[in-house]
1. So how do 161, 3 rank on accessible area, 1.4 Å probe, biggest first, that is with the largest at the start?
2. Under the rule of -39500 (n - 2.57) per DSSP H run of 4 or more residues, summed and divided by the residues of the chain, what mean residue ellipticity at 222 nm is obtained, to the nearest 500 deg cm²/dmol?
3. Note down the accessible area of residue 200, probe 1.4 Å, to the nearest 10 Å².
4. Below 17 Å Cα-Cα, how many Lys pairs turn up in the chain? Only count pairs eight or more apart in sequence, or on different chains, if you could.
5. With a cap of 14 neighbouring Cβ atoms within 10 Å, and only residues DSSP puts in a loop, list the trypsin sites (Lys or Arg not before Pro) found in the range 27-99.
6. Defining a contact as two alpha carbons under 8 Å apart and six or more residues distant in sequence, what relative contact order in percent does the range 150-224 show?
7. Please label the shape of the range 133-221 as rounded, prolate or oblate, based on the square roots a ≥ b ≥ c of the eigenvalues of the alpha-carbon gyration tensor (a/c under 1.5 means rounded; beyond that, a/b larger than b/c means prolate, else oblate).
8. State the extension gain, in nm to one decimal, for the chain segment bounded by residue 180 and residue 60, taking 0.36 nm per residue of separation less the distance between their alpha-carbons.
Amino acid sequence: MSMNKVYFIGAGPGDPEFLTLKGARVLAECRVVFAPTPYEQTFAAHLAGKTVLVPFDYYFAELLERIDEFLKDGSVAFLVPGDLTFYSPFQGLIDALGERAEVIPGVGTANAASARLKRTLDLPGVCKSAVILSPRTLGDRPEDPKLIDFARPGSTLLIYMNNIPLPDLVAELRRGYGVNVPIAIIHRLCLPGEEIVLGTLDDIVAQVGERDFFNLQAKTKRPALTLVLVGETLAAREDGTWWDYRRDNIWRYRDGE
């Protein structure tokens, strides 16, 4: 029985330098790689000499058939945008493949965004929670929570796959937060053409202007690749108080003091 596997490798927001050592090793061993656009371009150096296919060109059953064919000759890899943790379309494949599937975590988009902004998203005394959500998946049923239910002072929101015009999105966030708070729009994070706009709920619409970061005016339904972060922690400053508190009450006991 073949011991070949299908590896679902977290590929971060698209920068090959965010590939883990394990992910790079496994990817090098696979002759067939499924890579969503634009990963076949950004990971070109890792994909040289391999058969590279776009997974979204196939229906589910077709894709499983192709995988079964390729597994006869060797292991297969999928480059997973971000990683499997949030909004990944690959769960059905993993379930269908069972023990033949192995997931390798990567640097998710939320991690990369936090690093790019140099901000922790749950700063003590400022933000006590970070919530990942998408307007596309909210409010499908009357009893479902809405965006406004999560937009609260003391909470950082990471908004994926936004499909709401920016003025309407900002108005809804303002209703929830009740105050003017910082917001960041990150377009094509770690990819060619990256743009980051920093502002507040009061001025972000004017700062963005006519740029269609969410592809709401585009004729094609290509992914927008835009992440929105909002919350007080984006502009807060830590003066070291919490550091010293932890030193006195937590960390020193780890050293046996």
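The values are calculated or read from the model by the stated rules, or taken from the named source; none is laboratory data. Keep in mind that this is a model prediction, so the values were computed, not measured. As a convention, Cβ positions derive from the backbone with ideal geometry for all residues, glycine included, and neighbour counts pool all protein chains shown. Only protein heavy atoms, including side chains, enter the accessible area calculation; ligands, DNA and RNA are left aside. Shrake-Rupley method; radii C 1.70, N 1.55, O 1.52, S 1.80 Å.
1. Values: 161 80, 3 165 Å².
Order by accessible area, largest first: 3, 161.
2. Values: 9 runs with 68 residues, N = 257.
Rounded to the nearest 500, the figure is -7000 deg cm²/dmol.
3. 40
4. Values: 5/22; 5/50; 5/72; 50/72.
Final tally of qualifying lysine pairs is 4.
5. Values: sites: 31, 50, 66, 72; in loops: 31, 50, 72.
Sparse-neighbourhood loop trypsin sites (Lys or Arg not before Pro): 31, 72.
6. Values: 73 pairs, mean separation 20.8, N = 75.
After rounding, I find 28 percent.
7. Details: a/c = 1.79, a/b = 1.24, b/c = 1.44.
Oblate is the answer for the range 133-221, as a/c is 1.5 or above yet b/c matches or exceeds a/b.
8. Details: separation 120, 0.36 × 120 = 43.20 nm, distance 4.46 nm.
Contour length minus Cα-Cα distance gives 38.7 nm.
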